[in-house]
Amino acid sequence: MSTDRYQSPLSERYASREMQYIFSPDMKFRTWRRLWIALAEAEQELGLAITDEQIEEMRQHRDEINYEEAKARERIVRHDVMSHVYAYGLQCPKAKPIIHLGATSCYVGDNTDIIVMKEALGLVRTKLVNVIAQLSRFAETYKDLPTLAFTHFQPAQPTTVGKRATLWIQEFMIDLQDLEYVMSTLRLLGSKGTTGTQASFLELFDQDYEKVRRLDPLIAQKMGFEGCYPVSGQTYSRKVDTRVCNVLAGIAASAHKMSNDIRLLQHLKEVEEPFEKTQIGSSAMAYKRNPMRSERIASLARYVITDALNPAITSSVQWFERTLDDSANKRLSIAEAFLATDGILDLCLNVTDGLKVYPKVIEKRLRAELPFMATENIMMDAVKAGGDRQELHEKIRSLSMEAGRIVKEEGGENPLLEWIAKDPAFGMTPEKLEAAMEPSKFTGCAGRQTQEYVRDVVGPMLEERKSLLGIRSEILV
């Protein structure tokens with residue numbers, strides 16, 4: 001590792017080797033050569049004087065990128081595509097005259113960008129499906145474990161630990177739907193020429209429009225795509241980049257929400273992210289067990305969410321058929337959005353695979369708040385026994401306020417149940433009140449909702465994508 005110049009933390013600390021390869025020079029320039037071969041093959045099939053020998057020569061050197069020759073040439077001509085055309089031609093002297101025939105730079109640049117984004121979306125999809133799978137196992141395990149729910153981060157009607165996890169899952173499921181839809185709509189630019197009119201190809205094919213019309217579908221087929229965008233300027237619409245980055249921002253937002261919940265639960269000592277035996281939580285406070293993985297998820301997620309503005313703004317300021325103020329921005333914003341999202345999902349895989357739950361702490365906090373939440377049930381039971389609802393409501397209100405004051409101002413135990421038991425208007429013995437405090441009586445349909453959601457919604461999705469399951473993440477730091 002070089003220590004005398006800037007290194008991106010995304011590659012040094014966060015993103016996987018697989019995602020880094022997708023955005024590597026090797027992936028880029030090998031794809032350029034695949035596209036040049038596809039173009040030559042299509043042009044030959046449509047009648048241009050391109051020989052089998054020329055195409056075979058190109059195939060033989062497809063993966064042997066002569067980087068030094070390309071770099072030396074770029075220093076002279078200041079054009080990356082023409083530098084690589086030149087370098088490829090040095091290796092393929094017979095094919096040299098027909099490499100990049102009729103095409104403009106965006107033929108390799110833009111088509112490669114689409115291919116790379118689709119490949120990267122595939123890796124994101126795999127990791128997202130595995131995060132959902134791990135969370136679904138967690139939800140199933142804890143579907144019936146009552147826990148205090150919160151609205152406004154204030155104690156509210158109880159739920160279950162598993163039901164809360166389904167809220168995280170559902171957001172990731174929405175992201176998966178968005179990802180797969182956008183992925184399914186990606187098309188190649190094809191070979192549209194300098195302003196999208198295919199004029200150079202019309203000239204090459206002696207004004208035979210039918211042959212020009214068949215060129216793009218042939219290229220798409222050879223590159224494994226359903227087709228090309230039917231119209232374009234010199235580039236594919238930068239609106240495509242916006243859609244892709246919005247999907248990544250959606251995943252980041254879902255991960256951020258989950259990681260925030262975990263951080264708050266870890267503060268409450270109810271749920272804890274994995275903490276390794278040799279891990280140090282704080283340089284000063286040796287006892288600390290900071291939720292650093294969840295914090296890192298939130299940190300990277302904010303980067304991805306804000307990065308989605310880049311392609312949106314770029315898309316909005318493209319002039320007519322092409323302008324070049326997209327290029328430098330795209331090189332950074334697209335790659336880094338994917339690398340950061342990849343890091344987020346690896347962290348999510350790690351965290352969800354080792355979440356630690358502390359049922360006794362959960363029960364203690366829940367029981368401390370249950371007397372307040374049980375008052376409505378207690379009041380209804382007393383009314384059924386012949387009590388006056390309005391009178392009982394006022395009694396419970398005043399007793400609750402005073403009990404809350406004792407808990408908050410004096411730090412005492414909640415005396416509400418004891419007071420209710422002593423008031424003959426309620427007709428409740430301590431034993432009856434204690435039985436009424438069973439936490440599972442207050443979670444409503446949470447357990448069944450969780451079971452049905454995991455079984456009926458998540459289960460079929462995972463079954464359809466079972467070939468993607470089983471991956472593990474490696475957290476570098």
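Only one of the listed residues (E376, E391, E369) is modelled with pLDDT of 85 or more and out of contact with any strand residue (DSSP E or B) (no Cβ under 6 Å at 6 or more places or on another chain). That residue is E391.
Per the listing Q54, Q44, Q60, the residue uniquely exposed (fewer than 13 other Cβ atoms within 10 Å of the Cβ), modelled with pLDDT of 95 or more and closer than 24 Å to G190 by Cα is Q60. Considering (1) outside any helix (DSSP H, G or I); (2) free of Cβ contacts under 8 Å to residues at least 12 places away in the same chain; (3) among the charged types (D, E, K, R), the lone condition that E474 does not fulfil carries the number (2).
On the stretch given as segment 1-48, residues that are assigned to a helix (DSSP H, G or I), farther than 30 Å from E203 by Cα, touching a helix residue (DSSP H, G or I) at 6+ places or on another chain (Cβ under 8 Å) and free of Cβ contacts under 8 Å to residues at least 60 places away in the same chain total 2.
Listed by position, the helices (runs of 4 or more DSSP H) contained in segment 166-278 that have at least 1 residues being touching a strand residue (DSSP E or B) at 6+ places or on another chain (Cβ under 7 Å), hydrophobic (A, V, I, L, M, F, W, C) and under 24 Å from D307 (Cβ atoms) are 239-267.
D110 satisfies every condition listed in (1) touching a strand residue (DSSP E or B) at 6+ places or on another chain (Cβ under 9 Å); (2) under 30 Å from Q451 (Cβ atoms); (3) charged (D, E, K, R) except (2). Candidates are the residues of segment 341-395 that are small (G, A, S) and closer than 30 Å to G250 by Cβ; the one that is nearest to the chain's Cα centre (by Cα) is G343. Selection within segment 187-234: residues that are more than 17 Å from L48 (Cβ to Cβ) and without any contact (Cβ under 8 Å) to a residue 24 or more places away in the chain. The member of this set that is surrounded by the most Cβ atoms within 10 Å (Cβ to Cβ) is T197.
Each residue in segment 49-69 was checked for being among the aliphatic types (A, V, I, L, M) and more than 19 Å from L101 (Cβ to Cβ), and 1 of them qualify.
Residues that are under 38 Å from the mean Cα position of the chain (by Cα) and small (G, A, S) within segment 88-106 comprise A103, S105, listed in sequence order. Residues in segment 93-115 that are more than 21 Å from R322 (Cα to Cα) and part of a helix (DSSP H, G or I): 3 in all.
Across segment 157-186, the qualifying residues are those that are within 30 Å of E376 (Cα to Cα) and among the charged types (D, E, K, R), and the one among them that is surrounded by the most Cβ atoms within 10 Å (Cβ to Cβ) is K163. Considering (1) touching a residue at least 24 places away in the same chain (Cβ under 8 Å); (2) surrounded by 16 or more Cβ atoms within 10 Å (Cβ to Cβ); (3) hydrophobic (A, V, I, L, M, F, W, C); (4) in a helix (DSSP H, G or I), the lone condition that L90 does not fulfil carries the number (2). Kindly check whether there is at least one residue in segment 64-75 that is under 39 Å from the mean Cα position of the chain (by Cα), at pLDDT 95 or above, outside the structural domain of V244 (by TED's automatic domain parsing) and crowded, with 20+ Cβ neighbours inside 10 Å. The answer is yes; a qualifying residue exists. Residues of segment 426-443 being modelled with pLDDT of 90 or more and surrounded by 15 or more Cβ atoms within 10 Å (Cβ to Cβ), which ones? Matches in segment 426-443: P439, F442, T443.
Residues of segment 135-156 that are in a strand (DSSP E or B) and surrounded by fewer than 22 Cβ atoms within 10 Å (Cβ to Cβ): A149, F150, T151, Q154, P155, A156.
If the requirement is being small (G, A, S) and not assigned by TED's automatic domain parsing to the domain that holds S259, which of these qualifies: A368, A328?
A368
The values are calculated or read from the model by the stated rules, or taken from the named source; none is laboratory data. Note that the structure is predicted; figures quoted are calculated from it, not measured. Note: ideal-geometry Cβ built from the backbone for every residue, glycine included; neighbour counts use all protein chains shown.
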